[in-house]
Structures are given as C-alpha cells and as structure tokens.
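Each value in this text was obtained by applying a stated rule to the coordinates, not by laboratory testing. Because the structure is a prediction, the values reported are computed rather than measured. Heads up, the Cβs are rebuilt from the backbone with ideal geometry, glycines too, and the neighbour counts pull from every protein chain shown.
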Amino acid sequence: MNPISNEQLLDQLNWRYATKRFDATKKIPDVTWDTLEEALILTPSSYGLQPWKFFVITDPEVKAKLQPHSWNQPQVTESSHYVVFAIMKNMGEEHALRFVESMAKTRNMPLESLNFYRDMILKDVINGPRSLIVNQWAARQVYIALGNFMTAAAMLGIDTCPMEGIEPPKYDEILGLPAKGYATIVACAAGHRNPEDKYATQAKVRFPASELIEHI
C-alpha cells in the first residue's frame, strides 16, 4: 500500500467545493468513473448491510425531467454523471440473511459460524427498536456513501455538488423507484467545473479548529 501524503489529501480537500456550474462538454473518463463506482461499492455501512442503491444518470432526457424538481439547478443537466442515492425501503429479514450468506461465501466460512452475527443484526435492525425507524437508519447510511463518493472524487480531480434541493417523491416517480423498492434520499452531480463558476475561486469559510475539535 502506498498512501498519499498528508499534503496531497489536504490539497485535494481544499481544491474541492460544491460546484455550481459544470462544463457540460467535458465528460468523466470511463476508467475514472469505474473507479468512483467502485468507491461507492466500498463505502462502509452499519453491519455491512448496504441498505442502498445508486442510480447513475447520464441520459440527457432523464436529467431534463429531473431538473424542474431540483429547484431548476443547472448542475443536474450540466454534470457528466448525476447520481441519485436511494435507500432500500423497509429493509427486512430477507436482505439481512442474504448478506450473511454472502459473507459466508465470500470469506469461505461455514454459514452456521455466523449465527451470532446474524442474530445480532436481526435483534437490532430487523426486529428490535431500530426496526421502527429502519428507513431513517438507512438514510443515515446513505450519507456515509455520499461523503465517501465526494472525497474519492476530489482525490481523482473530479468536481461534485451534493444536491438536497430536490423533490424526492418526484425523483422516485420519474425513475420508477417504488416498483423497485427504493426511495430517493439525496443526489450528487459530478463532472468538471466550468471555468466561469465564480464559486471556484472563493475562499472556504470554516470555523476554526478550536471551535470544532475538542481533545479529551
């Protein structure tokens, strides 16, 4: 493993910003996009359950349908790739058991050796108190994926803009998500910044570390 330097990490995080205008003529190379999709897949989640699906939109017609339900923000149509982050609605026992079976197969373990882990998941997320808010729990997991995606993109020199100014029910309708068992939570535009985007050169506004970080 060859980790990047401290300076490289901070340079890229300082370089990134919530891009307001993308250059619609510049597309993310396939090899780079494949890497970003893999980064999404590698996102950690509680118990490893991955209660989500990522809908990658590059079709201009679909983007055009979504834009009116996104406060008419230009990022939707100008971006190279537009990702809709959705939760698996009302995740149940079937998904949890399928995950445990996948773990046993991937790690070449006897399925029964994971009985304790399986029961812990069922007791907590599927049948326990958390089951009453399982969709809210899944939404919090989705935001881990969003953050991971944006950081990975910055490391590769790809611009992004998280999009909460959207109408999830309309997105669901346009993308046909109810029939698939998913529901929109948030979206993220990705591509290359337009050189005329005035926000690209503005200084970041952050409270000082003394206010945000406390060592105990």
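Please tell me which of these pairs span more than 29 angstrom C-alpha to C-alpha: K53/K204; K27/K65; K105/K170; K27/K198; K63/K180? Where the Cα-Cα span goes over 29 Å, the pairs concerned are K53/K204; K105/K170.
In the chain, one over the average inverse separation of all distinct C-alpha pairs is 19.2 Å, which is the Kirkwood hydrodynamic radius. Comparing V83, V31, V56 in a Gaussian network model of the chain (Cα springs below 10 Å), the most mobile by mean-square fluctuation is V31.
Backbone phi angles across the range 116-130, fed through the Karplus curve with coefficients 6.51, -1.76 and 1.60 (θ = phi - 60°), yield HN-Hα couplings of 5, 5, 4, 5, 5, 5, 5, 5, 9, 7, 8, 10, x, x, 5 Hz in residue order; Gly and Pro are listed as x. Listed peptides 189-196, 209-216 appear in the order 189-196, 209-216 once ranked by packing, highest mean of other Cβ atoms within 10 Å at the front. When the chain is treated as a GNM with alpha-carbon contacts under 10 Å, the residue of S102, S80, S131 showing the greatest mean-square fluctuation is S102.
Considering the chain as a Gaussian network with a 10 Å cut-off on Cα pairs, which listed residue, T151, T32, T106, attains the greatest mean-square fluctuation? Sorting by GNM fluctuation, first place goes to T106. If R₀ is 22 angstrom, what is the calculated FRET efficiency for the pair R140 and V62, using the beta carbon separation as r and rounding to 0.05? Efficiency at R0 = 22 Å is approximately 0.20. Membrane-span-like helices of the chain, defined as complete DSSP H segments with a Cα extent of 27 Å or more along the helix axis and a mean Kyte hydropathy of at least 0.0, are identified as 134-155. What FRET efficiency do you get for S113 and E37 if R0 is 22 Å and r is their Cβ-Cβ distance, rounded to the nearest 0.05? With R0 = 22 Å, the Cβ-Cβ based efficiency is 0.10. Model label points for D30 and Q202, set 7 angstrom from Cα along the Cα-to-Cβ axis, are 3.8 nm apart.
May I ask you to list the residues of the range 130-174 whose amide nitrogen lies under 16 Å from a point 7 Å from Cα along the Cα→beta-carbon direction of M103? The answer is none, because no backbone nitrogen lies closer than 16 Å to the label point.
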